[in-house]
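Shown below is the structure under consideration.
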Amino acid sequence: MNKISHIKRYQISKVYRRDNPGRGRYREFYQCDFDIAGHYDPLLPDAECLKIMYEILSELELGGFLIKVNDRRLLYGILATCGVPDDKFRTVSTVIDKMDKISWDKVRREMIEEKDLSPEIVDRLGEYIRLNGGLAVLEHLCNDSLVSQNTMAMEALSDLKLLHSYLEIFGVADKVTFDLGLARGLDYYTGVIYEAVLLRGPEEPHNVPDNDTDKIAGFGSIAAGGRYDDLVGMFDSKGRKVPCVGISIGIERILSMAERKAEESFKNIRTTETQVLVASAQPHYLEERMRLITALWSSGIKAEMLHKKNPKLLSQLQYCEKTGIPLVAIIGEQELRDGVVKLRDVTTREEVNIPREDLIKEIQKRTS
């Protein structure tokens, strides 16, 4: 609408869903989107999006993950090759998109009974859409006598092989599998599509046969995206196309996974950036705590203290354990007399006396 033909941007904002959401899904939720728009050489923006997805999921440390990749042109080419009528591509793709949630037998039955496809067409289609793996899957399809006759499918396979070479250079190909059962429900996708799922165990990506849902965590995709070259043109008065590709990261779904992981490991989730709690072991040291925390604040240390005149030491230590504050600076009669502060490591419970003038450097060293 603003005649922008090239842009690389991200946003974190609230989005909305119309359908009835399942576990880990919401009608209203926050999502992080990253998009690259503009005319560029083939597959370079797509590869960068997948690299970003890989880096985000790696740094979140949610466990093993798998990035499934397909191409809408390849999927439609296979549908045509197997004899699916053009007017049923959309509805059949919707059924295929359920393969990560229900068994192939149920998908097959729905295609036959509800989509009116013959068992022969469905069985032929099933031989293709249950394929997944690395570069070998693409080579297999290129040499397939039926697929090789479909121009659209072969164009997609050529692009996917180029994409794979870029992903190898970026160092992310080890987490990518080409999954012909990946359909993505949105109609505006025109080329490469992808989604990331968490794995239940330490399995390597290419060891998840036939969309084995037992090995995929029950939250569905946590990130997804693809190429949508025609969408922007719908909002241009002259219908000018701006090719686009992007990813979406499901923030609230990831938070749900992180919370569950923390519960299963019996670890507290750190809920604060506070580096140190200023505490006292004896009553009547409120003013000394205030003087010490003022010095820490003035030096850029993220510090806090309990808003009580005479808090019990145990309550102060328990607060640190609950919120994840790593250090406690303890002052009392003996510490003031000796000109030191007792610095306690909350995790190891180790305590050392630090000269007052060295305290800031010591905290910075331990929390950097």
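Note the angle between two axes, namely the Cα long axis of helix 286-298 and the longest principal axis of the Cα atoms of the chain, as a number of degrees from 0 to 90, rounded to the nearest 10.
Approximately 50 degrees, to the nearest ten.
What does the C-alpha gyration tensor say about the overall shape of the range 276-367? Classify as rounded when a/c is under 1.5, otherwise prolate if a/b is larger than b/c, or oblate.
rounded
Would you check the accessible area of residue 241, probe 1.4 Å, heavy atoms only, in square angstrom rounded to 10?
Only protein atoms counted, so the area is about 130 Å².
Moving on. I want the antiparallel fraction of DSSP beta bridges within the chain, as a percent rounded to 5.
80
Restricting to lysine pairs 8 or more places apart or on different chains, what number in the range 1-146 have Cα atoms under 27 Å apart?
23
Round to the nearest 10 and report in Å² the accessible area of residue 51, as given by a 1.4 Å probe over the protein chains' heavy atoms.
50
In addition: Could you size up the charge dipole of the range 325-368 around its Cα centre, putting +1 on the beta carbon of Lys and Arg and -1 on that of Asp and Glu, and report it in debye to the nearest 20?
The calculated dipole for the range 325-368 is roughly 140 debye.
Please compute the modelled spin-label separation between residue 12 and residue 39, points set 7 Å along Cα→Cβ, answer in nm with one decimal.
Roughly 3.6 nm, to one decimal.
Report the one residue of 20, 76, 125 whose Cα lies farthest in the direction of the positive end of the charge dipole of the range 7-264 (charges on C-beta: Lys and Arg +1, Asp and Glu -1; origin at the Cα centre).
Among 20, 76, 125, the one farthest towards the positive end of the dipole of the range 7-264 is 20.
Straight-line reach from residue 365: which aspartates and glutamates have a Cα under 15 Å away, not including same-chain ones fewer than 8 places off?
List returned: 345, 357.
Which percent of the accessible area of the range 30-163 is formed by carbon and sulfur heavy atoms (probe 1.4 angstrom)?
49
Right, something else. Once you have a ≥ b ≥ c as the square roots of the Cα gyration tensor eigenvalues for the range 74-212, tell me rounded if a/c is under 1.5, and otherwise prolate or oblate according to whether a/b is larger than b/c.
Taking the square roots of the gyration eigenvalues as a ≥ b ≥ c, the range 74-212 is oblate.
Find out how many positive minus negative residues lie around residue 354, taking Lys and Arg as positive, Asp and Glu as negative, among other residues whose Cβ is under 13 Å from that of residue 354.
Every neighbour counted, the sum reads -2.
Taking a 1.4 Å probe, which of 104, 297 shows the most accessible area, and what order do the others take after it?
297, 104
Sticking with this structure for a sec: How do 154, 53 stack up against each other in accessible area, from largest to smallest, with a 1.4 angstrom probe?
Output order, biggest surface exposure first: 154, 53.
Sum -39500 (n - 2.57) across every DSSP H segment of at least 4 residues in the chain, then divide by the residue count to get the 222 nm mean residue ellipticity, nearest 500.
One gets -11500 deg cm²/dmol as the mean residue ellipticity at 222 nm.
Taking the range 239-346, which GluC sites (Glu not before Pro) meet the DSSP loop condition and have no more than 15 other C-beta atoms within 10 Å?
Here the GluC sites (Glu not before Pro) that fit, given the DSSP loop and packing criteria, are 273.
Can you sort 13, 5 by solvent-accessible area, 1.4 Å probe, largest first?
Ranking 13, 5 by accessible area, largest first, yields 5, 13.
Right, another one. Where the only charges are on Cβ atoms (+1 Lys, Arg; -1 Asp, Glu), what is the dipole of the range 276-367 about its Cα centre, to the nearest 20 debye?
Taking the Cα centre of the range 276-367 as origin, the dipole is about 260 debye.
Might you work out the accessible area of residue 52 for me, using a 1.4 Å probe with all protein chains in place, and round it to the nearest 10 Å²?
Approximately 40 Å² for this residue.
Using a simple charge model, +1 on the beta-carbon of Lys and Arg, -1 on the beta-carbon of Asp and Glu, nothing else, what dipole does the range 1-149 show about its Cα centre, in debye to the nearest 20?
Using Cβ point charges on Lys, Arg, Asp and Glu, the range 1-149 gives about 620 debye.
If you roll a 1.4 Å probe over the heavy atoms of the protein chains, what accessible area per residue do you get for the chain, in Å²?
Value for the chain: 54 Å² per residue.
Another question, if that's okay. Just flag the GluC sites (Glu not before Pro) in the range 1-109 sitting in loop per DSSP whose Cβ has no more than 10 other Cβ atoms within 10 Å.
Listed in order of number, the matching sites are 61.
The values are calculated or read from the model by the stated rules, or taken from the named source; none is laboratory data. Only a predicted model underlies this, so the values are computations on that prediction, with no experimental measurement involved. Note: ideal-geometry Cβ built from the backbone for every residue, glycine included; neighbour counts use all protein chains shown. For the accessible areas, the whole protein counts, side chains as well, though only heavy atoms, and no ligand, DNA or RNA atoms are used. Shrake-Rupley method; radii C 1.70, N 1.55, O 1.52, S 1.80 Å.
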